[in-house]
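Chemist: Have a look at the structure that comes next, please.
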Amino acid sequence: MHRKKKKTFVRAVFVYLLLTTGLWMFLNSYSNSYNRLSVEKLSPASLIISEDKAQLKILNQEFTFGTDALLPESKLYYVLYVISPDEVHFVSDIFSLSDHIIG
């Protein structure tokens, strides 16, 4: 029984790596081909985060997300903090302390 779970896990990891590598190769090859044929340069993906929104660009498509739910005053932030593992709490505490020390 233990062997079957291990095989299933290995297969799932393999499929995940195969899909993500294939997607990465597609994005890079598409942007390289586009950049050779056009004067306008295209990046495969970019993420721009400002105070009130996050902007994700994949090839020529643009997606904008509001970041209001991730503010510490938000109820969703509290729920995510409570259900997150202790390692995430530790890292977020270190980042918040370093922000006070540096800034």
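Chemist: Using 7 Å Cα-to-Cβ label points, what is the L97/S43 separation (nm, one decimal)?
Modeler: 3.3
Chemist: Any idea of the accessible area per residue across the range 1-57, 1.4 Å probe, to the nearest Å²?
Modeler: 93
Chemist: Could you give the nm distance between label points at Q55 and K6, where each point is 7 Å from its Cα heading toward the beta carbon?
Modeler: About 5.0 nm, to one decimal.
Chemist: Also, I was wondering about something else. Where a ≥ b ≥ c are the square roots of the eigenvalues of the C-alpha gyration tensor, would you call the range 1-49 rounded, which needs a/c under 1.5, or, failing that, prolate if a/b is larger than b/c, or oblate?
Modeler: Oblate, since a/c reaches 1.5 and b/c is not below a/b.
Chemist: Sequence gap at least 6, Cα distance under 8 Å: using those rules, report the relative contact order of the range 40-83 to the nearest whole percent.
Modeler: Relative contact order here is 24 percent.
Chemist: Using a 1.4 Å probe over the heavy atoms of the protein chains, calculate the carbon and sulfur portion of the accessible area of the chain as a whole percent.
Modeler: 67
Chemist: For the chain, with a Gaussian network of springs between Cα atoms less than 10 Å apart, report the residue from S29, S74, S92 with the top mean-square fluctuation.
Modeler: S92
Chemist: What's the Kirkwood radius of the chain in Å, using all Cα pairs? Let's see the in-between values first.
Modeler: Values: mean 1/r = 0.0556 Å⁻¹.
After inverting the pairwise mean of 1/r, the radius is 18.0 Å.
Chemist: Considering only L17, L56, L47, give the residue with the highest GNM mean-square fluctuation for the chain, with springs between Cα atoms whenever their separation is below 10 Å.
Modeler: Maximum fluctuation in the GNM of the chain, among the listed residues, is at L17.
Chemist: With label points built 7 Å along Cα→Cβ from the Cα atoms of L19 and Y77, find their separation and express it in nm.
Modeler: If labels sit at L19 and Y77, their model points lie 3.2 nm apart.
Chemist: If I ignore ligands, DNA and RNA and count only protein heavy atoms, how much of V82 is accessible to a 1.4 Å probe, in Å² to the nearest 10?
Modeler: 80
Chemist: Of E51, E73, E87, which has the largest mean-square fluctuation in a 10 Å C-alpha GNM of the chain?
Modeler: Per the Cα network of the chain with a 10 Å cutoff, E87 tops the list.
Chemist: If you don't mind, another one. Rounded to the nearest 500, what is the chain's calculated 222 nm mean residue ellipticity when only DSSP H runs of at least 4 contribute -39500 (n - 2.57) each, over all residues?
Modeler: Here the helix-only value at 222 nm equals -21000 deg cm²/dmol.
Chemist: Which whole-number percentage describes the relative contact order of the chain, with Cα contacts under 8 Å and a sequence gap of 6 or more?
Modeler: Answer for the chain is 11 percent.
The values are calculated or read from the model by the stated rules, or taken from the named source; none is laboratory data. Please read these numbers as outputs of a predicted model, since none were measured by experiment. A quick note on method: Cβ atoms are made from the backbone with ideal geometry, for glycine too, and the neighbour counts reach across all protein chains shown. Surface accessibility is based on the protein's heavy atoms, side chains included, excluding ligands, DNA and RNA. Shrake-Rupley method; radii C 1.70, N 1.55, O 1.52, S 1.80 Å.
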